[in-house]
Amino acid sequence: MIEINNLTKRYKSFQAVNNSSFNVEKGEIFGFLGPNGAGKSTTINILSTMLQPTSGTVTINGYDVIKQQNQVRESIGIIFQQNTLDEKLTAKENLMLHCKFYGVPRASRKHRIDEVLEIVDLQESINTLVEKFSGGMQRRLEIARGLLHYPKVLFLDEPTVGLDPQTRAHVWEYILKLKEKENITMFLTTHYLDEAEISDRIAIMDQGEIIAIDTPKRLKQKIGGDIIEITTSDNEAAMKEIENNFNVVALSLKDDVIYCKVKNSDAFVSEFIKTLKTPLTGLDIRKPTLNDVFLSFTGREIRD
Ligand SMILES: Nc1ncnc2c1ncn2[C@@H]1O[C@H](COP(=O)(O)OP(=O)(O)OP(=O)(O)O)[C@@H](O)[C@H]1O
């Protein structure tokens, strides 16, 4: 659905995107992560025809983003970070305006508006002024508006930023429902790494380059396995036992807790509990999070 080949963008002598190539499959939720200044907005602006690349090619739904801008724009919907609804208009008026901008035929407008409002559960509020909507309702209406012209690809730029946790969860529910019902390809940026877990695949961009691209599960596996936190009545003796008898990726002791990184925690723990001679007082298994992945690939927190 999206094909990016050797994409480069220079601002004067500054290289914001450096020879990036990757594809996004139809129906995929594709997470796009990177620290501030990594080049994400630049990439998204090129993908959505708002910015010209310096070199390289990008096609969306088979259309070239430079030579076939209109077809690309008809193929995409964008949910921006900031609210771009007209607060002095009702939900219906906002949606009608969008139908007109996008040339949705007059005869289908009412049906499409009802349809998208149903997806985000806002049918009851169709005639309410947007200024009376809560933050979460406004976000949902923006998502509905992004869907009105049946886009093949939906760009979601931090779709839940500034929303409370409950509303965030709700917005994600709608996004997942959409994926199931409409098989829309979604290109997502978020600073909430727990939310990025929703992605089928994630690309991490740093200093203009794609430094990792894979499923969240495989990205986490790549950083070397699970973390086991162990406490015993004699940590030094236990460390020696582990060193001599187990194959671990890393072993350390901090604040009376033994940290053990292992490839496969299930296999390790069952064998460990059976064979350890030093009395065990506690054991905790922690799977690596996307935060661990991000840190290990970029050396930085997502928001520096
Ligand atoms: N118009 C411009 N002229 C010069 N430099 C620019 C311009 N736009 C962006 N940059 C630079 O290009 C780099 C990439 O910026 P970009 O906005 O794409 O990053 P980002 O990954 O989206 O960051 P953030 O998460 O902070 O939005 C940054 O160093 C930025 O300062």
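A few remarks follow.
- Over the chain: helical MRE at 222 nm, DSSP H runs n ≥ 4 each giving -39500 (n - 2.57), nearest 500: -11000 deg cm²/dmol
- Stokes-Einstein D for the range 97-144, Kirkwood Rh over Cα pairs, 37 °C, 0.692 mPa s (µm²/s): 290 µm²/s
- For the range 224-287, the relative contact order is 53 percent, taking Cα pairs closer than 8 Å that sit 6 or more residues apart in sequence and dividing their mean separation by the residue count.
- Taking only the C-alpha atoms of the range 224-287, the Rg (one decimal) and the largest Cα-Cα distance, Dmax (whole number), read 10.3, 28 Å.
- Farthest toward the positive end of the dipole of the range 224-287, out of Gly224, Leu251, Val269, is the Cα of Gly224, where the dipole comes from beta carbon charges about the Cα centre.
- In the chain, inverting the average of 1/r over every pair of distinct C-alpha atoms gives 21.9 Å as the Kirkwood radius.
- Segment Lys26..Trp172, full-extension length gain: 50.6 nm, with 0.36 nm per residue of separation and the alpha-carbon distance subtracted.
- Treating each Cα of the range 146-272 as one equal point scatterer and applying the Debye formula with no solvent, the log10 of I(q)/I(0) at q = 0.18, 0.21, 0.23 Å⁻¹ comes out as -0.98, -1.16, -1.29.
Since every read-out is calculated from the coordinates, none of them should be taken as a lab result. Quick caveat, the model's predicted, so the values are computed rather than measured. Here the Cβ is made from the backbone with ideal geometry for all residues, glycine too, and neighbour counts use every protein chain on show.
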